[in-house]
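Below you'll find the structure, written out as structure tokens, and then a few comments.
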Amino acid sequence: MTSSAVESRSTRDFWADAERHLVRYAGAGDFTREIITRAAGSFVYTESGREILDFTSGQMSAILGHSHPEIVATVRRQIGELDHLFSGMLSRPVVDLARRLSETLPASLSKAQLLTTGAEANEAAIRMAKLVTGRHEIVSFARSWHGMTQAAASATYSAGHQGYGPGAPGNFAIPVPNAYRPDFTTATGELDWRRQLDFAFDLVDAQSTGSLAACIVEPILSSGGVIEPPAGYFAALRDRCHERGMLLILDEAQTGLCRTGSWYAFERDGIVPDILTLSKTLGAGLPLAAVLTSAEIEERAHELGYLFFTTHVSDPLVAAIGNTVLDVLHRDRLDARAAALGDFLRTGLRRLAERHAVVGDIRGRGLLLGLELVTDRETKTGADALGARVTRRCLELGLHMNIVQLPGMGGVFRIAPPLTATEDELALGLSILDQALEDSL
């Protein structure tokens, strides 16, 4: 048997085994039909020898690119020294990371709990908010994504509510302030987010049993279509929450740690959340998350017997990785780099919009950008089928793009390359996207 025949049979066996043994977990989405063997920098490499430019940073997480040499060195060193401990034991990497994270934040956010995933961090944040307020009702955006565990999933409205029985009681969705597709408008047709927010909380107040605990939101809704609420919105939202005795939880899983051109996306609005959650970007692709809050909230939670720990709470291995991530972000000034590269990428996307009438909107900040395809710019009719074709063609040409998996939002691309990407790599991605758009029309 020839080597090519062996490889072909092996590939057939791989996909047969995948279909036979793997649980499919992404709703209607299928696995990408490529066998990935390694990844480095801004690229992933397939078993067949293809090089694919990764415009999603893995699962929107690998902000330092794949297999960053300093992350690799930290993993190799730490795994041989101290990997995992009993949950009540502490190590220097854990305390160092808690201190260093607090130093990047407003002074009030001085207490940290280290966990593994975004869902876990949001679960802990919601649990803490319920405990310290003595209430249970949670408000979130109607296109939110906060995770797939119970409380996080109950506050998630992008997908996953049908077919699983009742969620946690007392969850309310409020409309998303989408400037491209406004539901409340001014006399000139622009989004009237103040009137929308008043309407939202009128509905919340009407449905509440008087037990409003917290509002959990993303500064930029990523899975919801890369939608950034207008300047001023979050300050007004904070005020609505505090008027009702609610805590404001910000989920910066994808926006935190320099991706948007600043260390945290909430800095634009001059606010400070009561609780902040970090995850994806904190571990640069490895499982690390954090909940940060004030000493006052932590003290009250402790007095009331706050209980939330997992097998991998305060694990030293991933905490050491988090410290290395902070080292690289600070040293290489990746906040400024993300801002500059974001401007470069946005300029390139605008040029695509000049060439292709199907590009309806470009939005986002730094290196978290969205591009929405439409069939008609006047009516803004969505282009789900076109989005699917462009995604497939991009992959064929060597570019991995992520399309939003929401009904009516299948024409929205989430573009989130690593903060370590080069202008040449971004230019390559733009060139491939240009070709894919040309080929798919």
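The values are calculated or read from the model by the stated rules, or taken from the named source; none is laboratory data. Not measured: the values here are computed from a predicted model. Ideal geometry is used to build each Cβ from the backbone, glycine not excepted, and the neighbour counts take in all protein chains shown. When the accessible area is computed, the model is the full protein with side chains, heavy atoms only, and any ligands, DNA or RNA have been set aside. Shrake-Rupley method; radii C 1.70, N 1.55, O 1.52, S 1.80 Å.
If the requirement is being within 23 Å of the chain's Cα centre (by Cα), more than 28 Å from residue 319 (Cβ to Cβ) and surrounded by 11 or more Cβ atoms within 10 Å (Cβ to Cβ), which of these qualifies: 31, 14? Lay out the reasoning, then the answer.
Working: 14 fails: within 23 Å of the chain's Cα centre (by Cα).
Going through 31, 14 in turn, the sole match is 31.
The test for being open to solvent by 30 Å² or more (accessible area, probe 1.4 Å) and under 18 Å from the mean Cα position of the chain (by Cα) does not hold for residue 167. Inside segment 53-76, residues that are in a loop (DSSP other than H, G, I, E, B) and buried (at least 21 other Cβ atoms within 10 Å of the Cβ) make up a count of 7.
The set of residues in segment 413-431 that are part of a helix (DSSP H, G or I) and surrounded by fewer than 21 Cβ atoms within 10 Å (Cβ to Cβ) comprises 423, 424, 425, 427, 428, 430, 431. Taking the conditions (1) open to solvent by 60 Å² or more (accessible area, probe 1.4 Å); (2) touching a Phe, Trp or Tyr at 6+ places or on another chain (Cβ under 7 Å); (3) part of a loop (DSSP other than H, G, I, E, B) in turn, residue 144 satisfies each one other than (1).
Conditions tested, residue by residue: (1) outside the structural domain of residue 283 (by the TED database); (2) in contact with a Leu (Cβ under 6 Å, 6 or more places away or on another chain); (3) buried (at least 22 other Cβ atoms within 10 Å of the Cβ).
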residue: 78; (1), (2), (3): no, yes, no
residue: 82; (1), (2), (3): no, no, no
residue: 93; (1), (2), (3): no, no, yes
residue: 104; (1), (2), (3): no, no, no
residue: 110; (1), (2), (3): no, no, no
residue: 115; (1), (2), (3): no, no, yes
residue: 121; (1), (2), (3): no, yes, yes
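Somewhere in segment 227-238, is a residue touching a Phe, Trp or Tyr at 6+ places or on another chain (Cβ under 8 Å), under 16 Å from residue 142 (Cα atoms), open to solvent by less than 20 Å² (accessible area, probe 1.4 Å) and modelled with pLDDT under 95? The answer is no, given that none of the residues of segment 227-238 is touching a Phe, Trp or Tyr at 6+ places or on another chain (Cβ under 8 Å), under 16 Å from residue 142 (Cα atoms), open to solvent by less than 20 Å² (accessible area, probe 1.4 Å) and modelled with pLDDT under 95. Within segment 146-168, residues that are in contact (Cβ under 8 Å) with a residue 24 or more places away in the chain and at positive phi have Cβ atoms under 9 Å from residues that are acidic (Asp, Glu) and part of a helix (DSSP H, G or I) in these pairs: 147/120; 147/123, counting only partners at least 6 apart in sequence or on another chain.
Among the residues of segment 88-98, is there at least one that is under 27 Å from residue 321 (Cβ atoms) and among the charged types (D, E, K, R)? If you could, list the steps in order and put the result at the bottom.
Filtering segment 88-98 for residues under 27 Å from residue 321 (Cβ atoms) gives 88-98.
Checking the rest, the ones that are also among the charged types (D, E, K, R) come to 92, 96.
Yes, segment 88-98 has at least one match.
Looking at this structure, is residue 283 assigned by the TED database to the domain that holds residue 318, out of contact with any strand residue (DSSP E or B) (no Cβ under 7 Å at 6 or more places or on another chain) and more than 30 Å from residue 56 (Cβ to Cβ)? When the stated conditions are applied, residue 283 does not pass them.
Can you name the residue in segment 42-52 that is part of a loop (DSSP other than H, G, I, E, B) and open to solvent by 40 Å² or more (accessible area, probe 1.4 Å) and is also nearest to residue 424 (Cα to Cα) among such residues? Spell out the reasoning first.
If we filter segment 42-52 for residues that are part of a loop (DSSP other than H, G, I, E, B), which is where we start, we get 42, 47-50.
With open to solvent by 40 Å² or more (accessible area, probe 1.4 Å) added as a condition, the list becomes 47-50.
On the way: 47: 25, 48: 24, 49: 21, 50: 19 Å.
Restricting to residues being part of a loop (DSSP other than H, G, I, E, B) and open to solvent by 40 Å² or more (accessible area, probe 1.4 Å), the top hit is 50.
If the condition is being assigned to a loop (DSSP other than H, G, I, E, B) and among the aromatic types (Phe, Trp, Tyr), then segment 147-196 contributes 157, 164, 180, 184. What about residue 370, is it touching a residue at least 12 places away in the same chain (Cβ under 8 Å), buried (at least 19 other Cβ atoms within 10 Å of the Cβ) and farther than 21 Å from residue 57 by Cβ? Spelling it out, it is not the case that residue 370 is touching a residue at least 12 places away in the same chain (Cβ under 8 Å), buried (at least 19 other Cβ atoms within 10 Å of the Cβ) and farther than 21 Å from residue 57 by Cβ. A residue that is under 22 Å from residue 103 (Cβ atoms), out of contact with any strand residue (DSSP E or B) (no Cβ under 8 Å at 6 or more places or on another chain) and open to solvent by 70 Å² or more (accessible area, probe 1.4 Å) occurs nowhere in segment 342-349. Residue 39 meets all of the listed conditions (1) small (Gly, Ala, Ser); (2) part of a helix (DSSP H, G or I); (3) within 25 Å of the chain's Cα centre (by Cα) but one, namely (2). Is it the case that segment 203-220 has a residue that's under 23 Å from the mean Cα position of the chain (by Cα) and at pLDDT below 95? Looking for residues that are under 23 Å from the mean Cα position of the chain (by Cα) and at pLDDT below 95, one finds none in segment 203-220, hence no.
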